[in-house]
Amino acid sequence: MAAVGTWSFSQPAVDRLRSLITSGCHATDAVEEAMAGWLKMTQIKFHPSVEMENDPETGRHIVGRGGFPNSEGVLECDAAIMQGTAGKFGAVAALRGIGTPIRVARKVMDRSPHSLLVGDGAAIFAREQGFSIEPNDSMLSVHSTKAYEEYLENRQKASGHDTLGLIALDKMGNITVGVSTSGAPFKSPGRVGDSPIPGSGLYAEHMVGAAAATGDGDRIMCYCPSFQIVQLMKQGSSPNEACCAVLKDIRRRTFPEKCFELGLIALNMKGEVGAASTVEFPYVFWDMENDSVEIRVQLPPSNKNE
Ligand code: GLY
């Protein structure tokens with residue numbers, strides 16, 4: 001059993017993963033629950049709920065409700081979930097009006113013949129599955145509305161780290177990764193980042209491990225880093241070796257000093273964690289041996305010797 005999440009703001013979600021997984025929850029249910037909040041499962045009803053995606057405050061971190069809107073002032077979210085078992089993947093992109101996009105992604109995985117639904121089609125599917133589509137105003141927070149007004153006035157970019165990525169390994173040996181983001185602040189309408197693209201924003205393989213990425217999704221998706229990390233783990237690399245090798249290769253290809261923002265996390269079936277990043281990258285790890293949820297900080301590599 002183990003869990004890891006991107007950025008320090010994922011700490012409440014990793015705490016929740018620990019609680020759910022130790023009480024026997026499946027990794028996929030745990031990831032959905034830790035990202036979205038309450039899940040209707042009687043066996044976990046005694047756990048206090050935290051909301052990540054649906055909390056307007058978490059929107060400051062470019063996730064879900066309260067995230068930064070696109071250039072037309074509309075919030076469009078991307079989310080995906082992948083279970084290591086072959087063929088278990090679901091995603092939504094440019095989804096409007098829903099504060100828990102990971103839940104819609106889960107429904108795509110479990111109840112749709114498709115794997116990725118976008119825009120109006122994703123919203124139509126969500127409505128069919130019982131989600132209500134809210135007006136855009138209720139998806140924005142005071143903070144994101146103000147940031148958008150500032151953007152309109154002086155085209156000033158919003159700051160913040162993007163993408164909640166969570167990986168969970170449960171008692172039964174299931175491994176699942178989920179990601180959720182409102183994407184690049186003030187992006188073009190319809191822009192989709194790396195997060196819902198399998199192999200780019202996330203990847204998982206049963207009996208091997210899983211990986212997730214965060215950062216500049218327009219660049220990340222050109223390199224499929226999550227798929228590469230899992231392939232390296234399959235060939236015997238530790239999660240840390242795999243993350244570092246993939247980062248090194250991308251930096252070599254872009255030239256180190258021109259490399260974009262990229263943070264990587266990975267977990268294998270032994271519960272070992274790995275990370276690599278081009279920027280200072282705090283991530284949260286539940287270490288079962290010490291039974292502690294701790295924030296670790298991954299520093300970028302130096303440009304020397306490259
Ligand atoms: N990494 C998230 C995005 O660029 O959309």
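The values are calculated or read from the model by the stated rules, or taken from the named source; none is laboratory data. Treat the numbers as computed from the prediction; the structure is a model and nothing was measured. Positions of Cβ are generated from backbone atoms using ideal geometry, with glycine treated the same way; all protein chains shown enter the neighbour counts.
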Inset, instruction - Could you give me the residue pairs with C-beta distances under 6 Å whose first residue belongs to the stretch 242-254 and is part of a helix (DSSP H, G or I), whose second residue is small (Gly, Ala, Ser) and modelled with pLDDT of 95 or more wherever it lies, and which are 6+ apart or on separate chains? - result: 242/266; 243/266; 243/274; 243/275; 243/276; 244/276; 247/276
Legend entry - Residue match in the stretch 114-122 (condition: in contact with a strand residue (DSSP E or B) (Cβ under 7 Å, 6 or more places away or on another chain) and either assigned to a helix (DSSP H, G or I) or modelled with pLDDT under 95 (or both)): yes
Legend entry - All positions within the stretch 76-130 that are under 23 Å from residue 27 (Cα atoms), surrounded by fewer than 24 Cβ atoms within 10 Å (Cβ to Cβ) and of a type in the set (Asp, Glu): 110
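From the residues in the stretch 10-43 that are at pLDDT below 90 and either over 16 Å from residue 103 (Cβ atoms) or touching a helix residue (DSSP H, G or I) at 6+ places or on another chain (Cβ under 6 Å) (or both), which one is surrounded by the most Cβ atoms within 10 Å (Cβ to Cβ)? It would help to see each step written out before you state the result.
Within the stretch 10-43, the subset at pLDDT below 90 is 37-43.
Add one more test, that the residue is either over 16 Å from residue 103 (Cβ atoms) or touching a helix residue (DSSP H, G or I) at 6+ places or on another chain (Cβ under 6 Å) (or both), and what stays is 39, 42-43.
Working: 39: 18, 42: 6, 43: 11.
The qualifying residue surrounded by the most Cβ atoms within 10 Å (Cβ to Cβ) is 39.
Of the residues that sit in the stretch 257-306 and are hydroxyl-bearing (Ser, Thr, Tyr) and over 21 Å from residue 237 (Cα atoms), which one is surrounded by the most Cβ atoms within 10 Å (Cβ to Cβ)?
Here is the first cut: in the stretch 257-306, the ones hydroxyl-bearing (Ser, Thr, Tyr) are 277-278, 283, 292, 302.
Those left that are additionally over 21 Å from residue 237 (Cα atoms): 292, 302.
Details: 292: 10, 302: 8.
Among those that are hydroxyl-bearing (Ser, Thr, Tyr) and over 21 Å from residue 237 (Cα atoms), it is 292.
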Inset, instruction - Kindly check whether there is at least one residue in the stretch 86-94 that is modelled with pLDDT under 95, under 28 Å from residue 229 (Cα atoms) and either out of contact with any Pro (no Cβ under 8 Å at 6 or more places or on another chain) or within 16 Å of the ligand (Cβ to nearest atom) (or both). - result: yes
Inset, instruction - For the stretch 171-200, enumerate the residues that are aliphatic (A, V, I, L, M), within 16 Å of the ligand (Cβ to nearest atom) and outside any strand (DSSP E or B). - result: 184, 192, 197
Legend entry - the stretch 188-203 residues that are without any contact (Cβ under 8 Å) to a residue 40 or more places away in the chain, paired with ones that are part of a loop (DSSP other than H, G, I, E, B) and more than 13 Å from the ligand (Cβ to nearest atom) (beta carbon under 7 Å, 6 or more apart): 199/224; 200/224
Inset, instruction - Evaluate the following for residue 155: is it more than 16 Å from the ligand (Cβ to nearest atom), farther than 16 Å from residue 63 by Cβ and at pLDDT below 95? - result: yes
Inset, instruction - Check 147, 212, 168 and return the single one that is hydrophobic (A, V, I, L, M, F, W, C), surrounded by 15 or more Cβ atoms within 10 Å (Cβ to Cβ) and within 16 Å of the ligand (Cβ to nearest atom). - result: 212
Inset, instruction - Please state which of the following conditions residue 58 fails to meet, knowing it meets all the rest: (1) touching a Ser or Thr at 6+ places or on another chain (Cβ under 7 Å); (2) at pLDDT below 95. - result: (1)
